[in-house]
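Participant: Following this message is one structure expressed as structure tokens.
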Amino acid sequence: MMTNEEYKSRTARSYKLLLIFAMISMTMMFAGLTSALVVSKSRPDWLTNFEMPISFFFSLIFILACSVTIHLAKKSIQKDNRKATTIFLLTTLAFGLAFVYSQLQGFNQLFDSHLYPTGGSGSITISFLYVLVYVHLAHLSGGIISLLIIIYNHFKQKYNSSQFLGIELGAMYWHFLDFLWIYLFLFLYFFK
């Protein structure tokens with residue numbers, strides 16, 4: 001017969017393993033997309049002189065801040081500091097929304113520079129940029145939804161120093177999103 005602690009431990013391992021498999025599959029998808037970009041770079045219509053929108057630099061700061069604040073939320077709940085956990089979770093949400101806003105502003109900057117993904121003045125380079133950013137934003141929306149669920153559960157007092165699996169899984173996913181955007185940003189910035 002399994003004790004309650006053994007059951008919790010086994011459940012936690014299962015959830016972590018599922019999340020790791022999901023992150024591996026997402027990584028493979030982005031590896032495929034960036035590989036396609038590498039192959040397409042040899043096209044004669046590839047843009048080599050466009051500037052990354054300044055908003056994408058700000059989005060890098062926002063997503064790094066998300067990783068820091070979600071980590072601090074996890075550390076706070078491990079110490080049963082509910083007030084600090086609340087502040088850090090809400091701050092993570094604010095930084096996540098700021099990231100989305102800065103990404104959308106980056107697209108506005110591209111439009112202002114007459115760089116479009118499709119149409120007569122469209123470019124394959126900009127199309128790849130849009131695909132990579134929008135697919136990342138789709139995964140980030142999953143992070144925001146999970147963060148809203150974590151915040152809801154936190155306000156329902158479901159987390160404490162001995163039960164914080166939801167926050168731990170959320171932190172793992174946000175760190176993954178952070179790593180993914182850093183990879184995409186550096187790839188897009190240096191591989192023109």
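Participant: Among the residues in segment 149-166, are any more than 23 Å from the chain's Cα centre (by Cα), buried (at least 19 other Cβ atoms within 10 Å of the Cβ) and either over 27 Å from L19 (Cα atoms) or not aromatic (F, W, Y) (or both)?
Facilitator: No: segment 149-166 contains no residue that is more than 23 Å from the chain's Cα centre (by Cα), buried (at least 19 other Cβ atoms within 10 Å of the Cβ) and either over 27 Å from L19 (Cα atoms) or not aromatic (F, W, Y) (or both).
Participant: Assuming F176 fulfils every condition listed in (1) aromatic (F, W, Y); (2) open to solvent by 60 Å² or more (accessible area, probe 1.4 Å); (3) touching a Leu at 6+ places or on another chain (Cβ under 9 Å) apart from one, which condition is it?
Facilitator: The failed condition is (2).
Participant: Let me ask another. For segment 35-51, indicate whether the set of residues that are within 17 Å of L177 (Cα to Cα) and out of contact with any Ser or Thr (no Cβ under 6 Å at 6 or more places or on another chain) is non-empty. Steps first, please.
Facilitator: Here is the first cut: in segment 35-51, the residues within 17 Å of L177 (Cα to Cα) are none.
For segment 35-51, residues within 17 Å of L177 (Cα to Cα) and out of contact with any Ser or Thr (no Cβ under 6 Å at 6 or more places or on another chain): absent.
Participant: Would you mind finding the one in F95, F57 that is open to solvent by 40 Å² or more (accessible area, probe 1.4 Å) and touching a Cys at 6+ places or on another chain (Cβ under 6 Å)?
Facilitator: Residue meeting the stated conditions: F95.
Participant: Under 6 Å by Cβ, and 6 or more places apart or on different chains, what pairs join a residue from segment 178-192 that is of a type in the set (F, W, Y) with one that is modelled with pLDDT under 90?
Facilitator: Y189/M52
Results for (1) open to solvent by less than 70 Å² (accessible area, probe 1.4 Å); (2) aromatic (F, W, Y); (3) touching a residue at least 12 places away in the same chain (Cβ under 8 Å); (4) in contact with a Phe, Trp or Tyr (Cβ under 7 Å, 6 or more places away or on another chain), shown as yes or no for each residue.
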{"site": "V68", "(1), (2), (3), (4)": "no, no, no, no"}
{"site": "K83", "(1), (2), (3), (4)": "no, no, no, no"}
{"site": "F88", "(1), (2), (3), (4)": "yes, yes, yes, no"}
{"site": "Q105", "(1), (2), (3), (4)": "yes, no, yes, no"}
{"site": "Y130", "(1), (2), (3), (4)": "yes, yes, yes, no"}
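Every residue, every condition in (1) assigned to a helix (DSSP H, G or I); (2) at pLDDT below 95, yes or no:
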position: S35; (1), (2): yes, yes
position: R43; (1), (2): no, yes
position: W46; (1), (2): no, yes
position: E51; (1), (2): no, yes
position: I63; (1), (2): yes, no
position: I77; (1), (2): yes, no
position: A94; (1), (2): yes, no
position: A98; (1), (2): yes, no
position: Y101; (1), (2): yes, no
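Participant: What's the number of the condition T118 fails, among (1) out of contact with any strand residue (DSSP E or B) (no Cβ under 9 Å at 6 or more places or on another chain); (2) in a helix (DSSP H, G or I)?
Facilitator: It is condition (2) that T118 fails.
Participant: Can you go through F21, F57 and tell me which one is under 26 Å from S127 (Cβ atoms) and hydrophobic (A, V, I, L, M, F, W, C)?
Facilitator: On the way: F21 fails: under 26 Å from S127 (Cβ atoms).
The unique qualifying residue is F57.
Yes or no, residue by residue, for (1) free of Cβ contacts under 8 Å to residues at least 40 places away in the same chain; (2) surrounded by 11 or more Cβ atoms within 10 Å (Cβ to Cβ); (3) under 21 Å from Q157 (Cα atoms); (4) aromatic (F, W, Y):
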residue: M23; (1), (2), (3), (4): no, yes, no, no
residue: M28; (1), (2), (3), (4): yes, no, no, no
residue: L37; (1), (2), (3), (4): no, yes, no, no
residue: I63; (1), (2), (3), (4): no, yes, no, no
residue: L72; (1), (2), (3), (4): yes, yes, yes, no
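The values are calculated or read from the model by the stated rules, or taken from the named source; none is laboratory data. All figures in this text were calculated on a predicted structure; none of them were measured in a lab. All Cβ positions, even for glycine, are placed from backbone atoms using ideal geometry, and neighbour counts span all protein chains on display. Note: accessible area is taken over every heavy atom of the protein model, side chains too, but ligands, DNA and RNA are not part of it. Shrake-Rupley method; radii C 1.70, N 1.55, O 1.52, S 1.80 Å.
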